[in-house]
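A.B. asks: This is the structure, below, for whatever I ask next.
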């Protein structure tokens, strides 16, 4: 099996991670796909070994650790590129899985963006994908609100998205956890606005962070070749849509979000402090 170098991507949703993956995937040396189950599988298997009586009764610690460590190799066994960037927003709070099991220095690309812009992007996307009879499912946000008996309105949607159980709230907490554990030096924060305004400069910074040679990227004909089944998985058909050319998303938070939500978004950009 080809020995691979693993890097990672985490960060905040709606902040350019799919765009970055599509760009990095242009490099013939790099595989950068959609979010993967590598971390969650490692986590579940580690917990299983802790409670399985057949393991605790006769523990084979080195063998168990080896099984967990090789999950990432098995998952990417079909990839013939020397560098793989595995995406999961939980990596920043679980760096011990990278450095303890995979035995590689953690280098995590973290796309970030103004919180009000992230919420506006989610709300605009939900409005573009209304539930209609015959759809496979509600979008993942409304699905949770309905399940918990919460009225479907944009304020409640934003509260859930940015709350402790929501995709944005959990992603922010994962970054905060990594910083609190002293691992900020393992993260490269990539601001969405900088990526859109100066993509060539930002990509060079990423390669420098990864200790890789720069690559000349095509910023006017971008393709997401590793497309997820968004409608079946998330209930929104354009969750991971990538424009062919880099351009600033035109969703203005002031026209999408209420004053209640906008007021609560202030000073949430702790990674910039």
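The values are calculated or read from the model by the stated rules, or taken from the named source; none is laboratory data. Computed from a predicted structure; not experimentally measured. In this analysis, Cβ positions are derived from the backbone assuming ideal geometry, glycine residues included, and neighbour counts consider all displayed protein chains.
A.B. asks: Is there any pair with a first residue in segment 228-249 that is on the phi > 0 side of the Ramachandran plot and a second that is in a loop (DSSP other than H, G, I, E, B) and buried (at least 18 other Cβ atoms within 10 Å of the Cβ) whose Cβ atoms are under 8 Å apart and which are 6 or more apart or on different chains, and what are they?
C.D. replies: Pairs that qualify, where the first residue is on the phi > 0 side of the Ramachandran plot and the partner is in a loop (DSSP other than H, G, I, E, B) and buried (at least 18 other Cβ atoms within 10 Å of the Cβ), are 235/129; 235/138; 235/139.
A.B. asks: If you go through segment 56-73 one residue at a time, do you hit one that is under 16 Å from the mean Cα position of the chain (by Cα) and surrounded by fewer than 19 Cβ atoms within 10 Å (Cβ to Cβ)?
C.D. replies: no
A.B. asks: Okay, next question. Would you be able to say whether some residue in segment 161-174 is in contact (Cβ under 8 Å) with a residue 40 or more places away in the chain, assigned to a loop (DSSP other than H, G, I, E, B) and at negative phi?
C.D. replies: No: segment 161-174 contains no residue that is in contact (Cβ under 8 Å) with a residue 40 or more places away in the chain, assigned to a loop (DSSP other than H, G, I, E, B) and at negative phi.
A.B. asks: Is one or more of the residues making up segment 96-103 farther than 19 Å from residue 205 by Cα, under 15 Å from the mean Cα position of the chain (by Cα) and surrounded by 16 or more Cβ atoms within 10 Å (Cβ to Cβ)?
C.D. replies: no
A.B. asks: For residue 266, work out the one condition from (1) surrounded by fewer than 16 Cβ atoms within 10 Å (Cβ to Cβ); (2) modelled with pLDDT of 80 or more; (3) touching a helix residue (DSSP H, G or I) at 6+ places or on another chain (Cβ under 7 Å) it doesn't fulfil.
C.D. replies: (3)
A.B. asks: Among the helices (runs of 4 or more DSSP H) contained in segment 8-91, which hold 1 or more residues that are touching a residue at least 60 places away in the same chain (Cβ under 8 Å)?
C.D. replies: 17-24, 71-75
A.B. asks: Still on this structure, please answer the following. Of the conditions (1) free of Cβ contacts under 8 Å to residues at least 12 places away in the same chain; (2) within 20 Å of residue 238 (Cα to Cα), residue 137 satisfies every one except a single condition; which number is it?
C.D. replies: (1)
A.B. asks: Would you point out the residue of segment 5-36, among those that are farther than 18 Å from residue 239 by Cα and in contact with a helix residue (DSSP H, G or I) (Cβ under 8 Å, 6 or more places away or on another chain), that is surrounded by the fewest Cβ atoms within 10 Å (Cβ to Cβ)?
C.D. replies: Residue satisfying both the conditions and the ranking: 6.
A.B. asks: In addition: Is it the case, given these coordinates, that residue 185 is exposed (fewer than 14 other Cβ atoms within 10 Å of the Cβ) and either free of Cβ contacts under 8 Å to residues at least 24 places away in the same chain or part of a helix (DSSP H, G or I) (or both)?
C.D. replies: Criteria met by residue 185.
A.B. asks: Counting only residues that are crowded, with 18+ Cβ neighbours inside 10 Å and in contact with a helix residue (DSSP H, G or I) (Cβ under 7 Å, 6 or more places away or on another chain), which one in segment 190-212 is farthest from residue 23 (Cα to Cα)?
C.D. replies: In this case the residue turns out to be 190.
A.B. asks: Test residue 233 against the stated conditions and say whether it is assigned to a helix (DSSP H, G or I), farther than 26 Å from residue 4 by Cα and at pLDDT below 85.
C.D. replies: The answer is yes for residue 233.
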